[in-house]
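The values are calculated or read from the model by the stated rules, or taken from the named source; none is laboratory data. In this text, all values refer to a predicted model and were calculated from it rather than measured experimentally. Here Cβ is always computed from backbone atoms with ideal geometry, including for glycine, and neighbour counts include all displayed protein chains.
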Amino acid sequence: MTEVNLARARIEDGKTDRLRSWFKELHERESEVIETLRHERVYTETAFIHSSGDTAFLYVYMEAEDLGEADEAGDKEEYEIDEEHHEVLRDSLIGDWETLETIGHFTNPSLR
């Protein structure tokens, strides 16, 4: 069974467009992204921005067989794109990641 995680971090004022630009670049470099997802054994990684008033948050949803192993593999930064990704996040986010409570996760086994 897969593990899932939804986490959020606050975006520094004035950095929201930088994140949008970075994720657009990630789409353009999809083959590199897929290579790192395979290395990390991550099925899905999806990012969202939510703004409320003057505050914006980056939300990231991940699905993997083992999220701990996925984090460890990503933290090793074996790929240039991982280093760049971490740099953009360090430059754009404030504070620590906050994990939301998972209360349900269902998948269609016939599609896996």
Determine, yes or no, whether Gly74 is at pLDDT below 95 and either at positive phi or of a type in the set (A, V, I, L, M) (or both). no
Glu35: assigned to a helix (DSSP H, G or I) and touching a residue at least 12 places away in the same chain (Cβ under 8 Å), yes or no? yes
Of Arg10, Arg18, the only residue that is among the basic types (Lys, Arg) and assigned to a strand (DSSP E or B) is Arg10
Tabulated pairs, segment 77-101, first in a helix (DSSP H, G or I), second loosely packed, with under 11 Cβ neighbours inside 10 Å and not hydroxyl-bearing (Ser, Thr, Tyr), C-beta under 6 angstrom, 6+ apart or interchain: none
Residues that are out of contact with any His (no Cβ under 8 Å at 6 or more places or on another chain), buried (at least 17 other Cβ atoms within 10 Å of the Cβ) and of a type in the set (A, V, I, L, M), drawn from segment 34-75: Leu37, Val42, Leu58, Met62, Ala64, Leu67, Ala70
Within segment 65-112, track down each residue that is touching a Lys or Arg at 6+ places or on another chain (Cβ under 8 Å) and not charged (D, E, K, R). Ala70, Ala73, Ile81, Val88, Ser92, Leu93, Ile94, Gly95, Trp97, Leu100
Selected residue (only one of Ile11, Ile94 is surrounded by fewer than 15 Cβ atoms within 10 Å (Cβ to Cβ) and among the hydrophobic types (A, V, I, L, M, F, W, C)): Ile94
Scope segment 21-32; condition touching a residue at least 12 places away in the same chain (Cβ under 8 Å) and either assigned to a helix (DSSP H, G or I) or in contact with a strand residue (DSSP E or B) (Cβ under 8 Å, 6 or more places away or on another chain) (or both); matching residues: Trp22, Phe23, Leu26, Glu32
